[in-house]
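This report refers to the structure that appears directly beneath it.
Where a number appears in this text, it was derived from the coordinates with a stated rule and is not lab data. On a predicted model such as this, the values are computed, not experimentally measured, just so you know. Note: ideal-geometry Cβ built from the backbone for every residue, glycine included; neighbour counts use all protein chains shown.
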Amino acid sequence: MKNNHVEEMRYEKKWIYNNNSYYQVLSALMRSNFKFKHHYEKRIVNTVYFDDYNLSNVLDNVEGQKDRVKYRLRWYGSDKYIDKPVFEMKYKKALKTYKKKKSLFLKKKLNVNNINNFINLKKKFNLKVKNNHLLQPKILINYKRTYLISGDNLIRATIDQDIRYKKLFKFNENFFHNFNNIVMEMKYDTDLDSYFRNLINNISVRYSKSSKYVNCMLLPSKEFSN
């Protein structure tokens, strides 16, 4: 494990829309006071979430715990092989978040259809952070992400579409479940909150509590609620 990195604390705010609203949401962001523009090329995001036997991370979210943490393994590109993965510990303090990242070096790409690959990676992760909560891989989620940035380069936005998931404790299921919703998120430094609130007024959006991990774990056969 190498390249440890801690991100600065920031605000993250999410909104949920029906999947067929992608272009309307994209257009609204570009026409808004923020003047959003494309930042990076669209790409596939793959995330494996880890939790303990009692699903403590899910319960903390549902019960509205202000201080909580999520453990996840993330990589980009192929949804068939784990390549250049990064372990993330995402801490939430009320509406503010920050992440600790730890890059992993792999000698070769790992097949996502072998549950032992996730378990072995988890062992390396737990040894590094001295975690004694017996974390296990619970779910694999992937989606297409569009990256945007405001005209003044201060506010970032993402749109996640084609969200699908597979629970890992039912690993004999070789198919993914699909959702018909997209998630739009805005991220900005904590000292920009007043600036953000002044400019958000002309976008017809309503803030929504949305955790892909929690929604997928609790609503296995339903869509995200609007």
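Cross-link partners of Lys167 among aspartates and glutamates, defined as those whose alpha carbon lies under 18 angstrom from its own and excluding same-chain residues fewer than eight positions apart: Asp51, Asp52, Asp79, Glu223. Beyond 21 Å in Cα-Cα separation lie the following of the pairs Lys14/Lys102; Lys70/Lys107; Lys14/Lys123; Lys90/Lys123; Lys13/Lys124; Lys66/Lys102: Lys14/Lys102; Lys70/Lys107; Lys14/Lys123; Lys13/Lys124; Lys66/Lys102. A straight Cα-to-Cα reach below 20 Å connects Lys96 with the aspartates and glutamates Glu7, Glu8, Glu12, Asp60, Glu63, Asp67, Glu88, Glu185, Asp189, Asp191, Asp193, residues fewer than 8 places away in its own chain not being considered. Residues of the range 55-83 falling in the label zone of Phe176, defined by backbone nitrogen less than 19 Å from a point 7 Å along Cα to beta-carbon, are 72-83.
Among the listed pairs Lys80/Lys187; Lys42/Lys187; Lys80/Lys138; Lys99/Lys144; Lys37/Lys93, those whose Cα-Cα separation exceeds 23 Å are Lys80/Lys187; Lys37/Lys93.
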